[in-house]
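Chemist: Take this structure, written in structure tokens, and hold onto it; I'll ask about it next.
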Amino acid sequence: MNRSGVRGMLRSPFVIVTGVVLAWFVVTFLVWPNANLLIATFFPDGTLTLRAVDKLISSERAMRSLTNSFLLAVVLSVTVNAVGIFIVLVTKYFDIKGARLLWFGYASTFIYGGIVLAAGYKFIYGENGIATDVLLRFFPGLDPAWFTGFFAVVFVMTFATTTNHMLFVSGALGKVDQQTLEAAKSMGASDWTILWRVVLPMLRPVLFAVTILTFLGGLGALSAPQVLGGREFQTIAPMILTFSTSLTSRDIAALLALVLGVATIVLLVVLTRVEKGGTYFSLSKVSSELVKQKISNPVVNVVVHVLAYALFAVYTLPVVLIVLYSFVDSRAIESGELSFGAMSLDNYARVLGQSSGLRPFIVSVVYSGLAAVISVVGLIFVTRILSKYRNWLTTAVEYLLHIPWILPATMIALGLIMSYDHPNLLVGNIVLTGTTVILLISFVIGKIPFTLRLLKASFASVNDTLEEAASLMGARMMYIFRRILMPAVLPTALAVGALNFNSLLDDYDTAVFLAHPLFQPLGLVIKANTDGAVSLDARANTFVYTVLLMVITGVTMYLVYGRAMRPGKGRRRRAGRGVLPTSGGASVAPVPDASTRPGAGVTARTATQPSAEVA
Amino acid sequence: MRKLNQLAATTAAAGLLLAACSPSGADSDTGNGDGGSGETLIVYTNSNADGRAEWLTAEAATAGFTIEVVGQGGGDTTNKILAEANNPVADVVFGLNHVYFSQLVAADTIEPYTPSWSEEVDPALGDPTGDGMYWPVVQQGIVLAYNADALAADEAPTDWTDLWNDERFHGRYETVDGLGGATTQLIFAGILTRYQDPDGDLGVSDEGWEQIQGYFEHGSPAVPDTDLYARMAAGDVDMGQMFTSGIPSREEEYGVTTGVVTPEFGVPFAVEQVAIVQGTDQTEDAQAFIDWFGSADVQAAWSAEFDSMPVNAGAIEQADASIVEFHAGLQQQDVDFEFVTENLSSWIEKVELEYVQ
């Protein structure tokens, strides 16, 4: 393919048009807002000031929040890995009765996350929650507000973020070679030795990548600490939100966001270094399918079974209850009662029948839909150029397009506000704050890295010779684009679009900064409804919204992954492989054939939103 | 290619949907100045609680105004208007007191208008500069309310500072850590303004800041989702901050008899004002709405519904005598509002950073 230099590239009008638009977009929305944030924090009047730094350092509360955020990140790295590896092992590695059922239970985090999940857990384990009621019956001395603070946040986020393990670790496990295990076994290795010395080491690169995502998710967590953290456990992101609202305190918010951003970058750099030091190509080329391992020790076997089903209960309880409650009238919800007699479709009729009830849903669907379409369509053109021409310019652009991956969503949102709340030539002197567009822009920005990576992998899979042949036969650029490239890329493009749509549907972290007061997406409404003090109907509506969200997400997930998730062989493995390069800006895990697999990468949901998705 | 066409069709449909559900948002950006009657007026307020937003929306609708109330705390509402100064979303703002309004005026976010009922209100309650940028509608005392069933009048504190300086009250009063609300901010302002010290941090002496520290140190943090009166009824706490118009409805709902602490300094008085937001594309509608909203009849109805103490003389005549009497009996604290206005945001920032626990 054409590996020509910059000059050759710029001869094509297609490249010039796309390039101009792209350059404008990158400068306006990726570079300037964040640079401006830096400037506004440290050089508000052109001279260096450390006011924000002083304020922050002298604030015990801010320091505690920072510590808490890091603590959360570290603890989650442990708990999420423990739970995540366990659920992967019991569904894919060990021979556990009912593994398929278990898998479906654990997969519940595929269909809901973020604010919706936090709200769901709060409803069940919170002060008037049904689980708390049951617990109080057994332990009358229990504080009804037991489910709050550090423990609650860790608990919820642990079970909310194992999605990555389900996707990536499962995939990698599928590649473990049965013959290696047999060999180990014949040399007398115990179950434990095989697991510890053979299987887990093979999963190391994946675990590495997943751990980073978990860590970043913990660091930037917004909704879970906000909903469940209470007074005792405050973290950075909610504090950023508090200070961002006041013009005079914005520099403090910006500084906190910067701390998050710097921490993220440092972590990525360090881990990439560490990762490069090791060799992990231990996966055999001609592997034979992994056979599920029996646990030979009967006691251990029972214990693992019990644990597996206990976790199953934890995962499924909120989903089941949310679905049930969505049919119960609001009064019964208030009292926490759950009787089948009180069930009806009234809540659905109210949400779907009244424009006010349906409105947030429509707002979210429209925003997510537009953002999904714009990001995919726009990046198809961009990716085409990036994959066709390789030179310093395209490389640089590609790096810049990864900015949204490195910086926390809160920082990007704040940068947009601070840069475009006054007329700015970059956007034609239009003030973007207070419009409906700014949230859309932010949604599109957030989806760029994920979309780019997967589309790029997809373009790379197109057979070069086809294009060359067409070109030799006189086909024009656009014709080649339409008839040869598009059909090859379209499946991936549609899948990526669907995943983007899904992940934005329940967005809270971005919307809370940027949404227009009259067009509040679902995430904000659901968050507002967790605050109590809302009408009973509003609370009941939340359950309906959640169920509708789950249905939409579930259907999309099925369409995208459905076949790959079936017990069938090759596809599942492929899914696991292609995904890896998507994990976190710098490609953390070395995956040899990742970029050559058609449509394979399309398996990342959570991986793509380290800070946004993860509650 | 069929799929591509589908994609295009979906995009178009999505675009249409967005257009369909953005009647005012999109238009207010372009700033078409045709007076735009029938369009939604966006009303920012901190006076939206306890059903006020719903009531106002419904009443306004019968009077021919389509309004959308966006409610937030007083500090937050002010910040929002300031942040949106270059592209205002709101058309009308009401409920804030003149501390906030003077910030808004200073930032050039208020459009001057003299309502038709301007003669019916005491000018002393309105814009202190005399420019008449904003006009008063409701008077509100910001008080320390206590459960009179739990504390006899002679056992009750005599001032906010008693709460942390007298051990009897430790853990018995509610502290609020969401500082975006006007009630909370005024309480802090009412305390800090007594400790003016040009050499102190942000104009307040160390002793003054110790009061804020004491407030958080010895209080019982507000419980999310739980009203102060619910906690008083349950016996968790005995007192906390309250705005006067909120008292009667809560007494009724929770069966608590309220005592009101009357410090010798008096209580901070918030006079809620109304004004047009600079940059609205619906000036005429906004003016008409304000004329309607501040009129004697509407204010009387508002008072009857929400126990508020009106400013409009005609509304005071129609208001419940006990409300008028109660407010007449409250001694207003002489707050140096200029000092407060100048420092409030910095104070709140300092409290957020250093004292909130």
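The values are calculated or read from the model by the stated rules, or taken from the named source; none is laboratory data. Here the structure is a predicted model, which is why all the values come from computation and not from measurement. Cβ placement follows ideal geometry from the backbone for every residue including glycine, while neighbour counts extend to all protein chains displayed. Keep in mind that these areas ignore ligands, DNA and RNA; they rest on the heavy atoms of the full protein, side chains included. Shrake-Rupley method; radii C 1.70, N 1.55, O 1.52, S 1.80 Å.
Chemist: Does segment B:261-283 contain any residue that is touching a residue at least 12 places away in the same chain (Cβ under 8 Å), away from chain A (no Cβ under 14 Å), assigned to a helix (DSSP H, G or I) and closer than 21 Å to residue B:80 by Cα?
Modeler: yes
Chemist: So, in segment A:30-60, exactly how many residues are open to solvent by 20 Å² or more (accessible area, probe 1.4 Å), assigned to a helix (DSSP H, G or I) and within 14 Å of chain B (Cβ to nearest Cβ)?
Modeler: Going through segment A:30-60 one residue at a time, the tally reaches 7.
Chemist: I would also like to ask the following. Anything in segment B:230-260 that is open to solvent by less than 20 Å² (accessible area, probe 1.4 Å), within 14 Å of chain A (Cβ to nearest Cβ) and either more than 20 Å from residue B:178 (Cα to Cα) or within 19 Å of the chain's Cα centre (by Cα) (or both)? List them, or say none.
Modeler: Selection gives B:246 alone.
Chemist: In addition: Scan segment A:405-416 for residues that are open to solvent by less than 20 Å² (accessible area, probe 1.4 Å) and part of a helix (DSSP H, G or I) and jot them down.
Modeler: Hits for segment A:405-416 are A:405, A:410, A:411, A:412, A:413, A:414, A:415, A:416.
Chemist: Out of A:250, A:231, which single residue is within 13 Å of another protein chain (Cβ to nearest Cβ) and in contact with a Pro (Cβ under 8 Å, 6 or more places away or on another chain)? It would help to see each step written out before you state the result.
Modeler: On the way: A:250 fails: in contact with a Pro (Cβ under 8 Å, 6 or more places away or on another chain).
From the options A:250, A:231, the qualifying one is A:231.
Chemist: Can I ask one more? From the residues in segment A:491-529 that are in a helix (DSSP H, G or I) and within 21 Å of residue B:83 (Cβ to Cβ), which one is farthest from the other protein chains (Cβ to nearest Cβ)?
Modeler: Looking at the filtered set, the residue picked out is A:523.
Chemist: Then there's this: Does residue A:476 satisfy being free of Cβ contacts under 8 Å to residues at least 40 places away in the same chain, within 12 Å of chain B (Cβ to nearest Cβ) and not small (Gly, Ala, Ser)?
Modeler: Considered against the rule, which asks whether it is free of Cβ contacts under 8 Å to residues at least 40 places away in the same chain, within 12 Å of chain B (Cβ to nearest Cβ) and not small (Gly, Ala, Ser), residue A:476 comes out as no.
Chemist: Out of curiosity, is residue B:173 outside the structural domain of residue B:216 (by TED's automatic domain parsing) and in contact with a helix residue (DSSP H, G or I) (Cβ under 8 Å, 6 or more places away or on another chain)?
Modeler: No: the conditions fail for residue B:173.
Chemist: Another question, if that's okay. Looking at this structure, is residue A:168 farther than 18 Å from residue A:320 by Cβ and open to solvent by 40 Å² or more (accessible area, probe 1.4 Å)?
Modeler: When the stated conditions are applied, residue A:168 does not pass them.
Chemist: Considering (1) farther than 22 Å from residue A:243 by Cα; (2) within 14 Å of chain A (Cβ to nearest Cβ); (3) out of contact with any Phe, Trp or Tyr (no Cβ under 8 Å at 6 or more places or on another chain), say which one residue B:220 fails and leave the rest.
Modeler: (3)
Chemist: Where residues in segment B:83-112 are away from chain A (no Cβ under 14 Å) and polar (S, T, N, Q), which of them is surrounded by the fewest Cβ atoms within 10 Å (Cβ to Cβ)? Spell out how you get there, then give the answer.
Modeler: Filtering segment B:83-112 down to residues away from chain A (no Cβ under 14 Å) leaves B:94-99, B:101-102, B:105, B:110-112.
Still in the list and also polar (S, T, N, Q): B:97, B:102.
Details: B:97: 25, B:102: 22.
Going through the qualifying residues, I end up with B:102.
Chemist: Does segment A:129-144 contain at least one residue that is of a type in the set (Gly, Ala, Ser), surrounded by 23 or more Cβ atoms within 10 Å (Cβ to Cβ) and more than 14 Å from chain B (Cβ to nearest Cβ)?
Modeler: No, every residue in segment A:129-144 fails to be of a type in the set (Gly, Ala, Ser), surrounded by 23 or more Cβ atoms within 10 Å (Cβ to Cβ) and more than 14 Å from chain B (Cβ to nearest Cβ).
Chemist: Take the residues in segment A:146-160 that are under 18 Å from the mean Cα position of the chain (by Cα) and of a type in the set (A, V, I, L, M); name whichever of them is nearest to residue A:235 (Cα to Cα).
Modeler: The residue in question is A:153.
Chemist: Looking at the structure I just gave you, is residue B:275 of a type in the set (A, V, I, L, M, F, W, C), over 18 Å from residue B:103 (Cα atoms) and not assigned by TED's automatic domain parsing to the domain that holds residue B:247? Lay out the reasoning, then the answer.
Modeler: Details: of a type in the set (A, V, I, L, M, F, W, C): yes; over 18 Å from residue B:103 (Cα atoms): no; not assigned by TED's automatic domain parsing to the domain that holds residue B:247: yes.
When the stated conditions are applied, residue B:275 does not pass them.
Chemist: Taking segment B:217-229 on its own, how many of its residues are surrounded by fewer than 21 Cβ atoms within 10 Å (Cβ to Cβ) and under 24 Å from the mean Cα position of the chain (by Cα)?
Modeler: Looking only at that region, the number is 8.
To keep it simple, each residue is scored yes or no on (1) open to solvent by less than 10 Å² (accessible area, probe 1.4 Å); (2) modelled with pLDDT of 90 or more.
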| site | (1), (2) |
| --- | --- |
| A:202 | no, no |
| A:213 | yes, no |
| A:221 | yes, yes |
| A:229 | yes, no |
| A:235 | yes, yes |
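Chemist: When the residues of segment B:198-216 are filtered to those that are within 16 Å of residue B:346 (Cα to Cα) and among the acidic types (Asp, Glu), which remaining residue is least open to solvent (accessible area, probe 1.4 Å)?
Modeler: Of everything passing the filter in segment B:198-216, B:201 is least open to solvent (accessible area, probe 1.4 Å).
Chemist: While we're here: Could you tell me which numbered condition residue B:174 fails, if it satisfies all but one of (1) open to solvent by less than 10 Å² (accessible area, probe 1.4 Å); (2) assigned to a strand (DSSP E or B)?
Modeler: So residue B:174 meets the others, but not (1).
Chemist: Here's a follow-up. Restrict the check to segment B:98-119 and report whether at least one residue is on the phi > 0 side of the Ramachandran plot and in the same structural domain as residue B:299 (by TED's automatic domain parsing).
Modeler: Scanning segment B:98-119, I find at least one residue that is on the phi > 0 side of the Ramachandran plot and in the same structural domain as residue B:299 (by TED's automatic domain parsing), so the answer is yes.
Rundown of residues vs (1) within 14 Å of another protein chain (Cβ to nearest Cβ); (2) closer than 25 Å to residue A:260 by Cβ, yes/no style:
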| residue | (1), (2) |
| --- | --- |
| A:378 | yes, no |
| A:411 | no, yes |
| A:424 | yes, yes |
| A:430 | yes, no |
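Chemist: Sticking with this one: Under the condition of being of a type in the set (A, V, I, L, M, F, W, C), in a helix (DSSP H, G or I) and closer than 23 Å to residue A:560 by Cα, which residue from segment A:454-473 is nearest to the other protein chains (Cβ to nearest Cβ)?
Modeler: A:455
Chemist: I'm checking my understanding of the structure. Among residues of segment B:124-148 that are out of contact with any strand residue (DSSP E or B) (no Cβ under 9 Å at 6 or more places or on another chain) and surrounded by 13 or more Cβ atoms within 10 Å (Cβ to Cβ), which one is modelled with the highest pLDDT?
Modeler: The extreme case among them is B:132.
Chemist: Here is a check on your reading of the model: is residue A:358 farther than 30 Å from residue A:468 by Cα and not in a helix (DSSP H, G or I)?
Modeler: no
Chemist: Give A:101, A:89 a once-over and let me know the one that is more than 24 Å from residue A:559 (Cα to Cα) and not in a loop (DSSP other than H, G, I, E, B).
Modeler: So the residue among A:101, A:89 that is more than 24 Å from residue A:559 (Cα to Cα) and not in a loop (DSSP other than H, G, I, E, B) is A:89.
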